[in-house]
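*Asks:* Would you mind keeping the following structure in view while I ask a few things?
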Protein chains: 2
Amino acid sequence: MRHVLYNTCYILSPMPRHVDHDARREEIADVAAALIASRGPANVSLRSLAAATGGSTSAVTHYFADRRELLQHAYRAAIRHARARIDAIADDQPDPLRAYCEAVLPLDSDRRRDWQTWVAFHGAAVGDPALAEMQRWRVTAFREMLAEVIAAEQAAGAIDRSLDPATESRHLLSLVHGIASEAAFDEDDWPAERQYALLDRALGHLRTPVQLS
Amino acid sequence: MRHVLYNTCYILSPMPRHVDHDARREEIADVAAALIASRGPANVSLRSLAAATGGSTSAVTHYFADRRELLQHAYRAAIRHARARIDAIADDQPDPLRAYCEAVLPLDSDRRRDWQTWVAFHGAAVGDPALAEMQRWRVTAFREMLAEVIAAEQAAGAIDRSLDPATESRHLLSLVHGIASEAAFDEDDWPAERQYALLDRALGHLRTPVQLS
């Protein structure tokens, strides 16, 4: 699936009839996420998505009622990509906190594409309580996951135990969001080494007692 | 104008015929920015904007060719609000760097509204080279302004002279963007004191030699 999604060809191979409904919907949402990132949310209709997946509009409307629902599923598709990267972090990873941040920073074209899908969703979520709630849920969930990693690293002695995991996870995630919200529009301005420089400085403060002014 | 804009009533008072074209367009763009923030970009059409300004659709289309152009002008309206806050910073402000960051952080409902307009624009800028260019220009311009303030503060001895203003302005602006991109959807999760806590920690690092890991 990743090869289909991340190549310029978005045509999906035909699937047997007994294919699972949710799996097929996820496949189409993956294509939608990539299209939204490249063409912009205003230029991805159910019709153009149908064309991109090599199916009919009615096949697409079987999975998505309208463009708003399509955008929700594209958003979730990009979250699945991030989750897959997080799931791939090895249990014996020497620096798990850095690895979690790497999983979501726009360090390469795949991750930048996910951010473009998310940023498109954010735009649509302004003034839309249900979409905004999805975004709040996502921020909270990721922040809690980072806080758990920080607490585990504190228990292991790798991070300063006087720090509050909730505060530090909030700080780290806002840094990720800040970098990503700029990098989504300016790849050249945010090469991976620049992102790592800011990330490693923030992580460095966690490893040594923080000097508050 | 601020009172009209920031109240629930968006009806503008009639203006004399000789009113300057650009000024009138800016007035309508201000209304559009507030509407986009509250109703969402998908729910603000030229027609609904005309209704909100108490004019006809043709009066609105005199200023904006389509919704995309309207969104561009709403984006610029929110930038004008930020610029007005920056222009209001006193020359003898004891902590100008903090004041510049305060001018753009979503610390109150006015500034949060500006961020909602910007986030809506960001969503539309995905896959739209011209809008993305506007966003890159804005990031670069604000970052350069912050770098100038940092350099002046270094000259005045208030900020560690070993630091690179370009790097520090990049870090500060990404922090602002990160906080704002979350706070746009979750006011309760980002009270002003929480934003100040992260800002002051970042500024604190500028005032003392930074410990790199």
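The values are calculated or read from the model by the stated rules, or taken from the named source; none is laboratory data. Computed from a predicted model, the values in this text were never measured in an experiment. Virtual Cβ from ideal backbone geometry, glycine too; neighbours counted across all protein chains shown. The accessibility values were calculated without ligands, DNA or RNA, using every heavy atom of the protein model including side chains. Shrake-Rupley method; radii C 1.70, N 1.55, O 1.52, S 1.80 Å.
*Asks:* To the nearest 10 square angstrom, what accessible area does B:Met134 show with a 1.4 Å probe?
*Replies:* 30 Å²
*Asks:* Then there is this: Where the only charges are on Cβ atoms (+1 Lys, Arg; -1 Asp, Glu), what is the dipole of the protein assembly as shown about its Cα centre, to the nearest 20 debye?
*Replies:* With only Lys, Arg, Asp and Glu charged at Cβ, the dipole is about 1300 debye.
*Asks:* Once the range A:120-161 is represented by equal point scatterers at the alpha-carbon sites, with solvent omitted, what log10 I(q)/I(0) does the Debye formula produce at q = 0.15, 0.22, 0.28, 0.34 Å⁻¹?
*Replies:* -0.50, -0.67, -0.86, -1.01
*Asks:* Scanning chain A for helices, which whole DSSP H stretches are 27 Å or more long along the axis (Cα) and average -1.0 or more by Kyte-Doolittle?
*Replies:* Both cut-offs are met by A:67-87, A:129-155.
*Asks:* Could you tell me whether the protein assembly as shown comes out rounded, prolate or oblate from its Cα gyration tensor? Rule is a ≥ b ≥ c as square roots of the eigenvalues, rounded for a/c under 1.5, then prolate if a/b exceeds b/c, otherwise oblate.
*Replies:* Oblate, because a/c is 1.5 or more while a/b does not exceed b/c.
*Asks:* Which percent of the accessible area of the protein assembly as shown is formed by carbon and sulfur heavy atoms (probe 1.4 angstrom)?
*Replies:* 51 percent
*Asks:* I would also like to ask the following. Tell me, which longest segment in chain A has none of the trypsin sites (Lys or Arg not before Pro) that fall in DSSP loops with at most 16 further Cβ atoms within 10 Å? It would help to have the intermediate numbers written out before the result.
*Replies:* Working: sites that count: A:Arg17, A:Arg161.
The reported range is A:18-160.
*Asks:* So, one more: With every protein chain in place, what's the accessible area of A:Tyr196 (1.4 Å probe, Å², nearest 10)?
*Replies:* The accessible area comes out at roughly 60 Å².
*Asks:* So what is the calculated 222 nm ellipticity per residue for the protein assembly as shown, using -39500 (n - 2.57) for each DSSP H run with n of 4 or more, over all residues, to the nearest 500 deg cm²/dmol?
*Replies:* -22000 deg cm²/dmol
*Asks:* Right, next: Skip the ligands, DNA and RNA, and give the accessible area per residue of the range A:77-158 with a 1.4 Å probe, whole Å².
*Replies:* Result: 40 Å² per residue.
*Asks:* Find the relative contact order for the range B:34-131 and round it to a whole percent, using C-alpha pairs within less than 8 Å whose residues are 6+ positions apart.
*Replies:* 32 percent
*Asks:* Express in whole angstrom the spacing between the alpha-carbon centres of the range A:23-41 and the range A:157-204.
*Replies:* 27 Å
*Asks:* Something else: Using +1 at the Cβ of each Lys and Arg and -1 at the Cβ of each Asp and Glu in the protein assembly as shown, identify which of A:Ser162, B:Ala192, B:Ala37 lies farthest towards the dipole's positive end.
*Replies:* B:Ala37
*Asks:* A further question follows. In whole percent, what relative contact order does chain A give with Cα contacts below 8 Å and a gap of six or more residues?
*Replies:* Reported as a whole number, the value is 18 percent.
*Asks:* May I pose another question? Once the whole set of protein chains is in place, how much accessible area is left on A:Trp118, using a 1.4 Å probe, in Å² to the nearest 10?
*Replies:* Surface open to solvent at A:Trp118 totals about 0 Å².
*Asks:* Once the label point is placed 7 Å from Cα along Cβ, list for A:Pro129 the distances to the corresponding points in the other copies, in nm, shortest first.
*Replies:* Its label point is 4.2 nm from the equivalent points in the other copies.
*Asks:* So, in nm, how far is label B:Ala59 from label B:Ile89 when the simple model puts each one 7 Å beyond its Cα toward the Cβ?
*Replies:* Placing both labels 7 Å beyond Cα along the Cβ direction yields 3.8 nm.
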